[in-house]
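To keep things clear, I will list the structure first and then write my remarks on it.
Please treat every number below as a calculation from the coordinates, not as lab data. Every value quoted in this text rests on a predicted model; they were computed, and no experiment measured them. When we count neighbours, we look across all protein chains shown, and the Cβ atoms used for this are built from the backbone with ideal geometry, even at glycine.
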Amino acid sequence: MPNLTCVLARIDDKHDAPRFFENVAPRIKKTFTDASDGAINLDIVDRTDEAPTHRPNSPLAGRHFALDLHRELRFYAANPLDQPVETVVALYGGVYHHNDSPYGMMFDPGFIPDAGELFLNKPHLEGRPREGCAIFLGAIERDRKVDPDLLWDQFEQQTTFTTIHELGHVFNLPHKKPPINYMSQSDRRSVYNPNFHEFIPEHETRLSRGKSSKSVWPGGSKFGDSGFLDDHSDCNWNTKSKMIDDLRFEISISRDHARYFEPFELDMRLRVKRGSTKTYRISDIVDPGYDQFRIFIEEPTGERRLYKSPRHYCPHEKFLTIGPSREFRRDISIFGESGGYTFRRAGVHRIWAEIHLGRRGVLTSNKIGIEIELERSESRKDQDVRIALTRMASANVLYHRLDRHHGNGTKTLVSLLESYADIPTAGAIQYSVGRALLEPSVRIQEKRKQRGMACFEEALKNPNQLSVRQIEIAEKCLGDATN
């Protein structure tokens with residue numbers, strides 16, 4: 001019977017659940033052993049009594065960025081790249097910084113730049129598909145009561161359910177609709193009765209393949225590549241409806257040509273058509289980490305594929321209101337995806353996106369194009385730019401707007417602009433450095449704040465290099481600083 005270590009680890013000390021951690025280990029182990037007919041035998045290693053690794057002095061301790069979660073996951077897993085995965089991880093923390101609604105998420109490999117041989121065979125940097133998940137105790141605690149007088153503790157039951165649910169995703173199980181099962185999406189109104197917690201036969205069949213299947217065993221294929229001839233979600237993408245005729249989904253891109261490693265944003269806008277008086281209330285799922293949202297990329301060869309998100313969320317009951325005076329905007333750093341850079345072929349790529357709105361149907365965006373430039377003989381300037389932008393530290397600043405390398409990322413980018421102020425990515429670089437310097441999870445000194453604001457001012461001198469959303473954020477930060 002193949003063994004797989006499952007590490008449980010706390011990543012902050014803001015939320016604790018000692019009784020839960022005592023009770024959950026045997027239940028996790030038994031659930032997966034029974035459902036897989038012995039093909040999956042989890043050895044639970046409880047490290048939740050160790051000091052959390054998240055920075056204790058952060059004013060936002062308990063709120064976690066995606067980059068930090070990926071780094072914690074790699075730290076605890078440390079699976080070799082050339083062997084089958086031996087360890088999966090369940091991280092327990094407060095809430096996800098960018099959206100405090102999800103109870104949990106599952107990870108594919110994060111964005112990894114072209115870092116050369118320096119980072120080869122270092123699993124704490126590279127990562128593997130489906131190595132682990134995060135469970136957000138703060139979000140669960142907000143919605144579930146802790147009451148020992150109840151027949152079952154809502155907080156403990158929801159946390160147990162979410163842990164097994166997210167580990168199910170680690171084994172590449174998709175969401176499934178009723179009857180209620182471990183891969184059902186949680187109901188915000190109430191916790192499911194524990195007597196109905198189980199995997200359905202379809203799940204059991206998949207899990208029983210165990211280590212023999214790369215589409216099941218962690219570290220094999222990425223999430224969604226199930227090896228079965230079916231869609232990996234419950235969404236029927238062929239659904240058409242006139243219920244959303246007045247709703248418009250528009251995308252644009254901050255550049256129409258770039259080298260594959262240069263930063264650029266996909267700007268997304270939801271609005272009603274001009275003259276419409278209708279108002280729509282839709283789920284807040286405009287993110288490729290949700291099953292109900294997907295981005296298509298058509299390669300220069302005509303091949304179509306989906307953009308691969310490094311993270312996978314479970315839907316939640318948070319909504320957007322779109323009407324005559326209310327629209328929604330956001331952007332995505334589309335130059336990077338799970339595992340590396342998104343566009344690797346030279347030529348024109350076509351991009352469009354779809355949102356599945358349940359019974360209302362599918363909302364499809366317009367199509368746009370970006371030309372990825374052919375790699376050519378590099379001048380000294382081109383070479384310096386490529387080396388600077390593809391270093392791990394600086395690439396993380398550009399993609400995540402965070403510097404987790406002792407300031408080396410922002411220093412590299414600032415130094416690059418001092419040497420080459422006229423490069424076509426100068427505005428996007430200034431914006432990213434500004435965001436990293438003004439990161440809300442660190443205590444910002446006045447000098448650092450001034451540097452961040454100066455970066456925003458420089459970025460706005462090149463508005464054609466920024467997305468609409470980036471311009472809005474930079475202008476708001478500068479406006480708030482002067483008030």
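Just grab the label-to-label distance for residue 481 and residue 51, each label 7 Å out from Cα along the Cβ direction, in nm (one decimal).
Reported label-point gap for residue 481 and residue 51 is 3.5 nm.
Search the structure for amide H atoms under 5 Å from the amide H of residue 340, placed 1.01 Å from N in the peptide plane, and list their residues when 5 or more places away or on another chain.
112
How much FRET efficiency would the formula 1/(1 + (r/R0)^6) give for residue 373 and residue 276, where r is the Cβ-Cβ distance and R0 is 60 Å, rounded to 0.05?
Working from the Cβ atoms, E equals 0.90.
Which angle between 0 and 90 degrees, to the nearest 10, do you get for helix 380-390 versus the longest principal axis of the chain when only C-alpha atoms count?
For 380-390 against the chain, the angle is about 20 degrees.
Return the Rg/Rh ratio of the range 234-376 with Cα-based radii and a Kirkwood Rh. Write out the running numbers ahead of the final one.
Numbers: Rg = 15.8 Å, Rh = 16.1 Å.
In the range 234-376, Rg relative to Rh is 0.98.
Applying a 10 Å radius around every beta-carbon, put 256-262, 362-368 in order of their mean neighbour count, most first.
On the way: 256-262: 18.6, 362-368: 16.3.
Going by the mean number of other Cβ atoms within 10 Å, highest first, we get 256-262, 362-368.
So what's the angle, to the nearest 10 degrees on a 0 to 90 scale, between helix 446-459 and the longest Cα principal axis of the chain?
It works out to around 70 degrees.
Any chance you could give the angle, 0 to 90 degrees and rounded to 10, that helix 468-482 forms with the longest Cα principal axis of the chain?
80 degrees
About the Cα centre of the chain, what is the dipole size in debye to 20, counting +1 per Lys and Arg Cβ and -1 per Asp and Glu Cβ, all else neutral? Each step should come with its number before you reach the end.
On the way: 69 positive and 69 negative charges, 227 e Å.
Dipole of the chain, to the nearest 20 debye: 1100 debye.
With a cut-off of 8 Å between alpha carbons and a minimum separation of six or more residues, what is the relative contact order of the chain in percent? If you can, show how the numbers build up before the last one.
On the way: 985 pairs, mean separation 66.1, N = 483.
Dividing the mean separation by the residue count of the chain yields 14 percent.
Beyond a 30 Å Cα-Cα separation, which of these cross-linked pairs lie in this structure: 367/461; 145/222; 278/318; 14/211; 278/461; 222/449? Can you show the working numbers first?
Details: 367/461 28 Å; 145/222 35 Å; 278/318 20 Å; 14/211 36 Å; 278/461 37 Å; 222/449 39 Å.
Result: 145/222; 14/211; 278/461; 222/449 exceed 30 Å.
Hey, rough spin-label estimate for residue 245 and residue 382, points 7 angstrom out along Cα→Cβ, what's it come to in nanometres?
According to this spin-label approximation, the distance is 5.2 nm.
Give the long-range amide H neighbours of residue 41: residues separated by 5 or more places, or on another chain, with amide H under 5 Å away, using H modelled in the peptide plane at 1.01 Å from N.
4
Could you give the radius of gyration (one decimal) and Dmax (whole number) of the Cα atoms in the range 308-387, in Å?
Spelled out, the Cα radius of gyration and Dmax of the range 308-387 are 18.1, 56 Å.
How would you classify the range 380-482 from its alpha-carbon gyration tensor, with a ≥ b ≥ c the square roots of the eigenvalues: rounded for a/c under 1.5, else prolate if a/b is greater than b/c, otherwise oblate? Walk me through the numbers before you get to the answer.
Values: a/c = 1.87, a/b = 1.26, b/c = 1.48.
Here the range 380-482 falls in the oblate category.
Can you list which of the trypsin sites (Lys or Arg not before Pro) found in the range 404-483 are DSSP loop residues with at most 12 other C-beta atoms within 10 Å? Please report the intermediate quantities before stating the final value.
Working: sites: 404, 411, 435, 443, 447, 448, 449, 451, 461, 469, 476; in loops: 404, 443, 461.
Hits after loop and neighbour filter: 443, 461.
Hull surface divided by four, with the convex hull built on the Cα atoms of the chain: how many nm²? Intermediate values should be presented prior to the final figure.
Details: hull surface 97.0 nm².
So the Cα hull casts an average projection of 24.2 nm².
Quick one: check the C-alpha center-to-center distance for the range 261-340 versus the range 62-91, whole angstrom.
Rounded to whole Å, the Cα centres lie 26 Å apart.
With an 8 Å Cα cut-off and a minimum separation of 6 or more residues, compute the relative contact order for the range 380-482 in percent.
22 percent
Using alpha-carbon pairs under 8 Å, 6+ residues apart, how would you state the relative contact order of the range 247-372 in percent?
On the way: 275 pairs, mean separation 42.9, N = 126.
That works out to 34 percent.
Cα extents of the range 238-300 along the three principal axes, largest first, in whole Å?
Here the spans come out as 42, 27, 23 Å, largest first.
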